[in-house]
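Take a look at the structure set out below.
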Amino acid sequence: MSNADWTTAIATCFIAVAAFANVYVYYGMWKQTGDVFRESYRPRLSVTVKKCEYSETDRCLKGRIVTMNHGSAVANGINLRIRFGYSNFISDISRVSIQPQNKLVYTFALPMTLEEYKLGQTKGNRSNLLVEGSYKGLGNVDYKYSERQDYDPELHRFVPIWAE
């Protein structure tokens, strides 16, 4: 084999390696672009419990559960369970969809005595709730929702403590 043949063989190998590397880089960019696209076009839910007032005549804490989609895609198949602290009171939001930048509002009435209400306003003993569930975005991608909130008597609403 002559020097020209070796040079051609080595150049061909370099071209083949460069072509493979080019395909690999473009595949990585395509995958990353798809991931960024899916992340930017996804639903983003928030659950707030506000306008809470205690009714002495009804002996319950009344308020509104507001579920908002802050994202840029529809949130489908929403299944959320809201458990209110020390009680067995549960509110379910299920089999609904929320369009982007829209909200659903539900009212609730949590039975409790005046003593329980006052105790739930003291530091270290705040009334709380846990919101857990899931919803679907584009391409039926599943998203989880988990958040704990404590009642703030000055704001008359539950405020987030942690979320996952």
- Evaluate segment 23-43: report whether one residue or more is in contact (Cβ under 8 Å) with a residue 12 or more places away in the chain and within 27 Å of E154 (Cα to Cα). no
- Taking the stated definitions as given, is V105 touching a residue at least 12 places away in the same chain (Cβ under 8 Å), hydrophobic (A, V, I, L, M, F, W, C), closer than 19 Å to S40 by Cα and out of contact with any Asp or Glu (no Cβ under 7 Å at 6 or more places or on another chain)? no
- Message: Residue under question is G34, and the condition is that it be outside any strand (DSSP E or B), on the phi < 0 side of the Ramachandran plot, of a type outside the set (F, W, Y) and buried (at least 18 other Cβ atoms within 10 Å of the Cβ); does it hold?
- Response: no
- Message: Regarding segment 145-159, can at least one residue be identified that is closer than 22 Å to S40 by Cβ and at pLDDT 90 or above?
- Response: yes
- Message: Out of I82, I90, I78, I need the residue that is aliphatic (A, V, I, L, M), at pLDDT below 95 and under 25 Å from N102 (Cα atoms). Which one?
- Response: I90
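The values are calculated or read from the model by the stated rules, or taken from the named source; none is laboratory data. These figures come from a predicted structure and were not determined experimentally. When we count neighbours, we look across all protein chains shown, and the Cβ atoms used for this are built from the backbone with ideal geometry, even at glycine.
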